[in-house]
Amino acid sequence: MKRQCDRCEREATVHEMVIRHGKQVEKHLCERCAREEGIAIPAAPSIQDVVKQFVVGQAAAAAAASGAAPATPATQTKSPTCASCGLTFAEFRQSGLLGCPECYKTFEAQIGPLLERAHEGGTHHTGKVPTRGGTAPDPHQRIAKLRKELLDAVAAEQYERAARLRDQLLHTEPGAGEAERAREPNG
């Protein structure tokens, strides 16, 4: 539930809690009213800063886990270089920004694990479908989701659930029913 500003009707985005004379005093203000009261509003970090912190942190964690020493300037010069724009992986780690689309291919081995950890194991963009948009979900996404759920159910030894998911897959996948019937013995 969103709160309204204590002074005007806008949405409160700044929330301050202070204890005065042993009592807790809360203020819920919009940005404009907070500035008028002299409350400092910290600026949101840029996405480049967030990515840079993440990449540097992951590189340090990987080095610590492998027992390797932190990268020194001498070892940073040996990092791979993008043939298209000349960016080195060390420069990417410093800035958090890639130079061109070719960088994704050049640094795939180094960036892939970082992106996978950042996206909780996701390696491909799946997108979203608006719930009230009235558009039908992509059948390929549904099939992929059902397959993953089937594998999870089998791994968890939930065989009844796995059978239901298999049946859903047979009805969802184009041509899957014919392939399944072809495997059944005649008789």
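What follows is calculated from the coordinates using simple rules that are stated; it is not laboratory data. All values reported here derive from a predicted model rather than from experimental measurement. Virtual Cβ from ideal backbone geometry, glycine too; neighbours counted across all protein chains shown.
With r defined as the distance between the Cβ atoms of residue 164 and residue 132 and R0 fixed at 25 Å, what FRET efficiency is calculated, to the nearest 0.05?
On the way: r = 28 Å, r/R0 = 1.13.
Between residue 164 and residue 132 the formula returns 0.35.
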Residue-span extension gain [residue 61 to residue 140] - 0.36 nm each, minus C-alpha spacing: 24.8 nm
Two-site label geometry, residue 19 and residue 48: point separation in nm, points 7 Å out along Cα→Cβ: 4.2
Cβ-based net charge around residue 34, under 14 Å, with every Lys or Arg adding one and every Asp or Glu removing one: -1
